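One structure below.
The values are calculated or read from the model by the stated rules, or taken from the named source; none is laboratory data. Being a predicted model, the structure only gives us computed values, none of them experimental. We place every Cβ from the backbone using ideal geometry, glycine too, and count neighbours over all the protein chains shown. In case anyone asks, the SASA skips ligands and DNA or RNA and just uses the protein heavy atoms, side chains included. Shrake-Rupley method; radii C 1.70, N 1.55, O 1.52, S 1.80 Å.
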Amino acid sequence: MAKIELENHEAKHLSTSCDDDKFEHVKLLRFPKTQTDLDDQKEKQADDNGEYGSSKGSACFTRKNILNYIYSLFPIVTVLRCYNIKEYLLKDAVSGLSTACLHFPQGMAFGILSSLAPKYGLYTSFFPVILYVIFGTCPFVSFGTNAVISLFTANLVQSQLMTPPTSSGGANSSNNSVGQMNEDDFVEMKAAVAAGSSFIVGVMLLVLGLFRLGFIATYMSSPFVGSFTTTAAIHIMTSQVPKSLGVQIPAVSGPGKLVITYIEIFKNIATANIGSVVTSIICIIILVFVKDFINEKFKSKMFMPIPIDLILVICGTVVSYVSDLNSRFGVPVVGNIPPGVPAPTFPDIKTDIIGNSIVVAIIIFVLTISMAKVCDNKNAMNADQELVAYGMANFGSSFFRCFPACVAPPRTILLKTMEAKTTLNGIFSALVILLILLFLGEYFQYLPLPVLSIMVIMAVKNLLLQFRQLPRLWKINKYDFTVWVVTIISGVFIDFPYALYCGVGLSVFLIVFQSQRGKLALLGKLENEDLYTMEAKYTALPPNVKIFKMESSLFFATSESFRDNLYKLTWDPRTMMKKDADEVTLSVQSIPINDDNKPEVDKNNTINDGNKPEVDKNTANEMTKSVIIDCSSFNYVDVNGISTMSLVVKEYRSVGIKVLLVRCTTSFMLVMKRSELMETVGEENIFPDFVDAIALNVSDTKL
C-alpha cells in the first residue's frame, strides 16, 4: 500500500527570538489506516510496553481503601498532624479574631432577617463554624450566617407559620393554637421549622458529598448566580427598609410581594419614627465613609480593615443605653438575649419544606464553592469533601436551633486578606461568639434595630452593584444577558423563588436552543495544505467527495436538523428514492400482460415497460460519490442520533453514495459499538482523519 503524503510546516529553530522564527516546508509520510487499524496498533504498542495485563486488579472494598476513605472525611486530622505552630498560629489567630468582629454583628442582623431573633443568628455563627473546622478543607471559607440564605429561611418559615396575632386575636390569626401563643413561644416554633430545614439541607449535601457529586456546581452559570443574588439583595434591602424607617406595615406574601411592600411603605411613610430615621442616616454615613473610603483607599497600608460593624454595634448599644432611645424616642431595640447555648433538641421536620430546602441546599453549595474557588488560588480544595463539610455543618447544627448556614463573602474576603493558613482560624472566631453567648450577650439588649437593618443593607450593597455586569454581558453573549434580565424581572415583579425557577428554566431552554443553532457547513481544503476549514470556497478536494460538519452534539434536538442540512448541502437521496418509486409505479401500470398474465421481464430480471429507459443512479448522482461526516463535535449521542445516522447511511447507500465517518469521539465510538450503528456503517468506513478516508476510498489521491 502506498503511503499518503501530508503537507505540513515545522519550526526549524525553537527560539524565543523573532529573528530566529524561521519555518521550513516539510513532507510527512505514513500509511493510511481505518479507525480499527489505529486502535489495533495502539493496543499492540501498549501490550508491548506492558501496559495491559501486567497489573493485577485490586479490590475496591479492601480494608485499607475503606480506612483511607474514612480518614479522608476528616481533614482536621491532617491539619493537626502537619500544623506548623510558628508559621501558622499567629495568622490563624489574627484572621479568626478579625472574622469574629463580623460574625457577631452579622449573626444578630441575619437572625432578625431570617424572621427569628438575634440569638438564633449567634447560634448559627457558632455551631456550623466548629463543624466546618473539622470537615472543611478551605482556610478562607467562613461558614455561618448569610443574607441570601437568611432571606430564604424567612420565606420558608413564613410559608409555614404566619405572623402571630395581637393579644386580642385579630384577623391575621392563622389557627387557634398559634393565636394563644406569646411572641417568644411563636419564635421558638419558627426556629424549630428553620432547624428542620437545616437538617434536610445537611442530609442532602452530605449524601451528595459521600457519593462524590461535587460536579453539580457546574450546572449554574455565573450570569445566573449573579442575577439571582442581585434579586436576593433587592428583597433583602426591601425587607429592612421598614425597620430602618420605623414604619409598621402589614405582612405581605405571594406574587407581587415586593411591589405591594413598597406601596405599603409609601402609604405609611407619614408614621415613620424620627429617631429610627436619624439613626439609620448616621449609620449609613459612617459605614460608607469607613468601608468605601478609608478601608478601600488605605487597605494596602493597614494590617486589617477597620471592624466598623463591631464598633458600630458597641457604640450604638452604649448611645442607646445612655440616651434611652427606646423610651424617649420610640426606637426599637434588640431586647433580651438570654445567656447560654441551647440544649440539643430534634428539629421540626415538615414534608412541606423539603422542596424549598433542596433549593436552599443547592444555593448554599453553589455560593460557597464559588467563593472558595475564587479565594483558593492553589486549587487545593476538594469539592466533594467540601460538600461533606457543608452537609455536616448544617446537619449537626440543626440540633441546636440553627437555621441553614452558608459562606458570607465579606468574611471570606477578610480571611483571604488576613492570609489565614488553615481552617483552625474558625476556632478563634467560635471562641469569641461563645463568650458573647455565655457572658456578653445580655449587654447588647439595648442595641437599636435600625443599626442592624442598615448593616444588612450595606452588607448586600456589592450584590446590588452587579447590575454593572449588564453592558459586558450584552457585548459578549446575548443569551447570558437575557437570563440575567429575566431572572431579575421574575424575582422582583413576581416573587423571589420565581427568580430561581425562571432563571434555571430559561437557562436549560437556551442550552437546547443554542445546540440547535450550531454551525452546519461543508469543509474545504486549502491548496497544498492538510488543513480543512468550514469555508465552501476552499475546494481542493478529490472529485465526487463532500465533507460535512455540524458543530454540535447529535441528539433529539439536533438530529432532524443534522439530516436535513446534510442532504441540503451534499445530495438528497430522498429525491432519487421518490423518483425511483414513481417510475416503478408507472412501469407497473404500463407493463403489457402476456397470455400467462405475467409481466415481461428481461434477462437481467428487471421489469421493463418498453417506454422509459432504466434510471441510472450513477448518472443522476455523478457529482457525489462519497460523503465524509466529521464527528469530532459529537460529544453526546442519544437514541435519536443513532437512529438518524443509521437512516442517513442507509438512504445514501440506496442511491450508491458511500458514507464515511471521521474523527469520531470516544463517547460516539462506544455508543456505536453498543448499538446497531457500527454494523450499519461498517468498521471499514470509520477513519481517524480525513486524509485516511480519502486515501482509502479515492484512487490516485495525493494530499
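Couple of notes before you dig in:
- Panel note: the C-alpha atoms of region 379-512, placed on their principal axes, show extents of 55, 41, 32 Å (largest first).
- Placing a label point 7 Å from the Cα of Leu435 along the Cα-to-Cβ direction, the residues of region 335-357 whose backbone N falls under 18 Å of that point are 339-341.
- Calculated on alpha-carbon atoms, Rg and Dmax of region 419-487 in Å: 20.4, 55
- Residues in region 333-437 average 37 Å² of solvent-accessible surface per residue, probe 1.4 Å, ligands and nucleic acids excluded.
- Here's how it looks for Gly256: its modeled amide H is under 5 Å from those of Ile494, Asp495, which are all 5 or more places away or on a different chain.
- Applying 0.36 nm per residue to the separation of Glu679 and Phe74 and subtracting their alpha-carbon distance, the gain on full extension is 212.7 nm.
- Averaged over residues, the count of other Cβ atoms within 10 Å places the peptides 193-203, 281-291, 633-643 in the sequence 193-203, 633-643, 281-291, highest first.
- Within the accessible area of region 317-451, the carbon and sulfur atoms contribute 63%, probe 1.4 Å, all protein chains present.
- J(HN,Hα) series, region 323-330, from Karplus relation 6.51 cos²θ - 1.76 cosθ + 1.60, nearest Hz, glycine and proline x: 8, 6, 4, 5, 7, 7, 10, x
- Förster radius 41 Å - calculated FRET efficiency between Ile314 and Thr351 (Cβ-Cβ, nearest 0.05): 0.40
- Å² per residue, accessible surface of region 457-523 at 1.4 Å: 56 Å²
- Among the listed pairs Lys478/Lys549; Lys91/Lys416; Lys546/Lys568; Lys119/Lys416; Lys478/Lys519, those beyond 20 Å (Cα-Cα): Lys478/Lys549; Lys119/Lys416
- Relative protection proxy for 663-670, 252-259, 549-556, from highest mean packing down: 549-556, 663-670, 252-259 (other beta-carbon atoms within 10 angstrom).
- Ordering of 671-682, 104-115, 438-449 by burial proxy (mean other Cβ atoms within 10 Å per residue, highest first): 104-115, 438-449, 671-682
- Taken over region 254-359, lysine pairs spaced eight or more positions apart, or on distinct chains, with alpha carbons under 26 Å apart number 4.
- Extension gain (nm, one decimal) between Tyr321 and Val639, 0.36 nm per residue minus Cα-Cα: 107.2 nm
- Gap separating the Cα centres of region 627-656 and region 439-502, nearest whole Å: 48 Å
- Rolling a 1.4 angstrom probe over region 215-281 with all protein chains present gives an accessible area of which 71% lies on carbon and sulfur atoms.
- Using R0 = 56 Å, the C-beta based FRET efficiency linking Asp564 and Leu38 works out to 0.95.
- Nonlocal amide H pairs with Leu554, under 5 Å, H built at 1.01 Å: Asn635, Tyr636
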